[in-house]
1. Among residues belonging to the range 75-93 that are farther than 17 Å from residue 49 by Cα and exposed (fewer than 13 other Cβ atoms within 10 Å of the Cβ), point out the one that is nearest to ligand 1 (Cβ to nearest atom).
2. If I filter the range 30-74 down to residues being within 16 Å of ligand 1 (Cβ to nearest atom), touching a residue at least 60 places away in the same chain (Cβ under 8 Å) and part of a loop (DSSP other than H, G, I, E, B), which single residue comes out as surrounded by the fewest Cβ atoms within 10 Å (Cβ to Cβ)?
3. Scan the range 94-101 and tell me whether some residue there is touching a helix residue (DSSP H, G or I) at 6+ places or on another chain (Cβ under 7 Å) and surrounded by 13 or more Cβ atoms within 10 Å (Cβ to Cβ).
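We did not get these values from a lab; they are worked out from the coordinates using the rules stated. Everything numeric here is computed off the predicted structure, so don't read it as measured data. With ideal geometry, Cβ positions are generated from the backbone for all residues, glycine too; neighbour counts draw on all protein chains shown.
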Ligand SMILES: [Zn+2]
Ligand SMILES: [Zn+2]
């Protein structure tokens, strides 16, 4: 009887291990960024329009409130390439592939 219980425990442990392998935790750094539309991009400053504080100073308080503000460089912290080189990857993923002809 004792031997039988031990065998059951072993089997259950084995099943648990298999289940864990089938559901691996998704790595955090593969979060998908949705590419923006050309009209959502500021082609002058190479930033998303909703975070281009050069074009719209009114965005600054909102970014500060969202804790996404780099006071040192005057840009959204999440897009500050001088503070975080990885921000370039984010910008490359966000930047629309098609540049409108009338964009300056
Ligand atoms: Zn701009
Ligand atoms: Zn910065």
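1. 82
2. 44
3. Initial filter on the range 94-101 (touching a helix residue (DSSP H, G or I) at 6+ places or on another chain (Cβ under 7 Å)): 96, 98-100.
With the extra rule that they be surrounded by 13 or more Cβ atoms within 10 Å (Cβ to Cβ), the set shrinks to 96.
Yes: one or more hits.
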